[in-house]
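Notes follow once the structure below has been shown.
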Amino acid sequence: MSTSGGNRAIVAALLANVGIALVKLLTFFLSGSSSMLAESVHSFADTGNQLLLLLGGRKSRRQADDAHPFGYGRERYVYAFVVSIILFSVGGVFSVVEGIQKLQQPHALENPWWPIGVLLASIVLESFSFRTAIRESRHLRGSQSLVQFIRHAKAPELPVVLLEDFAALIGLTLAFLGVGLTIITRNGVFDAIGTLAIGVLLVLVALVLGAETKSLLVGEGASPADLTAIRDSINAHPEVEALIHIRTLYLGPDELLVGAKIAFARKKKLADVATAIDAVEASIREVVPIARVIYLEPDVYLPKGANPPTESIIIRAAD
C-alpha cells in the first residue's frame, strides 16, 4: 500500500517535531527570541498536522457503505487540505503578526546562546526527518524529481511531509540567521525580521500545499502513462472494435475508477459481449492494478454520416 512509506515518514516527522517544539518553546521563555516563538508554533503546527494525516489515513480505510458507495479514500485528501489551512493560519499568519510586532518593539535577547544550540540540534533532527521522507518517496517517484513528485503524487502524505520538512529546515536557517545577527549586532530587529521571514515562508508553502490538495479533492484522472496503458489494453482485445470514449477518476490515492464506452460488432451475442467485457476488465487491472472500479458500456459504430453523441470520440490504439 502506498500508505506504508507515508506513515513511516509521518511518524518520523511527528517524533522529531514533538521534542523540537517543546525545546523551542522553553528556549523562547529563556531567551525572549521571537524567532524561537515562531519556530515553536511552527513545530506545534507540524505536530498537529502529522496527527491529522495519520487520522485521515485511518479513516480512509473504512469500508464502503450506502452513504459512501465508493468508499472513504478521499478522506486522506480532506485531511491533507486541512493541514494546509492549519499551516497557513496557525504557523504562517501567527509568525507574520509576531514579526511585525517585534519590528515595532525590538528588544535584546536574554541567554542568547540557548537559541543557537537549540536551532543547531533542531536542524539535525529535521534533517533526519527530511531524509526519511526522501528515502520513503524514492520507490514511488521513480525518475521524477521531488518537485514533480509533489505536484503529481496522488497519495498526499509524503508530499505534505516533504514540504513541511523542507519548510522547517529553511525556517530554522532563517531563525538561526536572525538570532545570530541579533547576538552579533545586539539589535533585536534582526530577530524580528527572521520571525517575519519564517511566517512568509510558511504562508507560501501552505498555499502550494493547498493548491495541490484542492486539485485532488476536486477530482483528478489517471496519469498520462496509466491512461495510455488502459487505452492500449482495451484496444488490444480482439473482440473490441474501438474505444469510443473513456473517463477516469481517483476515488482515493490507491483506487482508480474507470468508465469507458467500447464498440463491439453489431451481430455479437450478448453472452459473448459480457465475456469480452470481463476479459477487458481483467486486462485493465493487470496493467493498472489500482483500477479497482470499472464500468464498461458496450456500443456499436454508428452508420457513416450519422451524428454521434457529443462526447463520443473514436480513440484508436494509434492515438
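Read-outs: derived from the displayed coordinates by stated rules, not from any lab. Just so you know, these numbers come straight off a predicted model, no measurement behind them. Cβ sites come from the backbone with ideal geometry, for glycine too, and all protein chains shown count toward neighbours.
In percent, rounded to a whole number, the relative contact order of the chain is 20, using alpha-carbon pairs under 8 Å and six or more apart. Straight-distance candidates among the lysines for linking to LYS268, with alpha-carbon spacing under 26 Å and chain neighbours fewer than 8 residues away dropped: LYS304.
Past the 22 Å Cα-Cα mark, which pairs from LYS154/LYS214; LYS24/LYS59; LYS24/LYS102? Over 22 Å apart, Cα to Cα: LYS24/LYS59. Going from the fewest other Cβ atoms within 10 Å to the most, the residues ASP278, ASP66 appear in the order ASP66, ASP278. Shown for ILE294, ILE170, ILE244: other C-beta atoms within 10 Å of each C-beta, ranked fewest to most, produce the order ILE170, ILE294, ILE244. Helix 224-235 versus the longest principal axis of the chain: what is the Cα-based angle in degrees, 0 to 90, to the nearest 10? Approximately 10 degrees, to the nearest ten. Taking the C-alpha atoms only, the angle from helix 94-104 to the longest principal axis of the chain is near 30 degrees. This ranking places GLU239, GLU110, GLU126, GLU39 by how few other beta-carbon atoms lie within 10 Å of each, fewest first, which gives GLU110, GLU239, GLU126, GLU39.
What percent antiparallel are the DSSP beta bridges of the chain, to the nearest 5? Expressed as a percentage, antiparallel bridges in the chain total about 55. Sites listed here are trypsin sites (Lys or Arg not before Pro) in the range 88-190 whose DSSP assignment is loop and whose Cβ has at most 12 other Cβ atoms within 10 Å: ARG186.
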